[in-house]
Amino acid sequence: MLALLGGTFDPFHLGHLYLATAATKHFNGAVTIIPNATTPHRNAALASWQHRLAMCQLAVLDFPQIRVVAEETPQHSGRTIDTLISLRQQYPTTPLSLIIGSDVYRNFGSWQQPSEILKQAHLIVVTRPETTTLATFPWGKIVTDKTALAHGAGGVYVWQCAPPAISATHCRAVIAGGGSIEHLVPEKVAAYIRQHGLYRSS
Ligand code: ATP
């Protein structure tokens, strides 16, 4: 199974790193990070795609099982279904799973072609502190055994992995307020943000 963690990563923070490293252990496989290009149906990013890609790459340098792919370039459609179809060509027989936070799962119905996405991949839903309980699971079929992710697509596995309650929104606010983010983002990401003066209020 190949686990995919897509996101804006504006910036990549320790919550993302926790998710990716814990996923390599829990699902016993590789994790692919896919920084999104900004599109009309996604929140606008403050940092450019190139900066966000660079921060992801720096963050996972010491983690051989985690790789970053530059699939969703600014020229990409921004549709997850297109990314999955492209990955399907590269990995014709490998089951794919999208790791998403419960906040993102809640809005899954507003993604383009959610039913098609579920024909290509499973969803691994990670509970976040602000949306701990999910009343209903309208998309996909709940699977409680993670080994079900090794076959097919369309399952929804709820993963209680207790990531740190960090958000990129909070990281950006701390930097804009002149605070330190050393405890919120990987060291190399903090250095990159400093070097490029990202997220500072003008
Ligand atoms: P923002 O605050 O700008 O919305 P974010 O912190 O949610 O950003 P994203 O890049 O949007 O970061 O997140 C990518 C994916 O990782 C999403 O599916 C999101 O739900 C999940 N995620 C991010 N941070 C955490 C966290 N601390 N715990 C669990 N899931 C997380």
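The values are calculated or read from the model by the stated rules, or taken from the named source; none is laboratory data. Quick caveat, the model's predicted, so the values are computed rather than measured. Cβ atoms come from the backbone with ideal geometry, glycine included; neighbour counts cover every protein chain shown. Protein only, heavy atoms only, side chains kept; ligands, DNA and RNA dropped before computing areas. Shrake-Rupley method; radii C 1.70, N 1.55, O 1.52, S 1.80 Å.
A few remarks follow.
- Cβ separations smaller than 8 Å between residues 6+ apart or across chains give the following pairs from segment 164-175 residues that are more than 8 Å from the ligand (Cβ to nearest atom) to residues that are open to solvent by less than 30 Å² (accessible area, probe 1.4 Å) and of a type in the set (Val, Ile, Thr): Val174/Ile181; Ile175/Ile181; Ile175/Ile193.
- Residue that is least open to solvent (accessible area, probe 1.4 Å), among those in segment 134-157 that are at pLDDT 95 or above and more than 24 Å from Thr21 (Cβ to Cβ): Gly154
- For segment 49-91, the candidate set comprises residues that are basic (Lys, Arg) and under 13 Å from Ile33 (Cα atoms); within that set, the residue that is surrounded by the most Cβ atoms within 10 Å (Cβ to Cβ) is Arg52.
- So Phe63, is it near the ligand (Cβ under 9 Å from one of its atoms) and in a loop (DSSP other than H, G, I, E, B): no
- Pick from segment 92-110, criterion open to solvent by less than 60 Å² (accessible area, probe 1.4 Å) and assigned to a loop (DSSP other than H, G, I, E, B), ranking: nearest to Pro138 (Cα to Cα): Pro95
- The single condition among (1) more than 10 Å from the ligand (Cβ to nearest atom); (2) modelled with pLDDT of 95 or more; (3) open to solvent by 80 Å² or more (accessible area, probe 1.4 Å) that Gln160 does not satisfy is (2).
- Here segment 111-133 is the region considered, the condition is being in a loop (DSSP other than H, G, I, E, B) and surrounded by 15 or more Cβ atoms within 10 Å (Cβ to Cβ), and the residue that is nearest to the ligand (Cβ to nearest atom) is Thr127.
- Some residue of segment 17-38 being in a loop (DSSP other than H, G, I, E, B), under 18 Å from Val126 (Cα atoms), within 14 Å of the ligand (Cβ to nearest atom) and aromatic (Phe, Trp, Tyr): no
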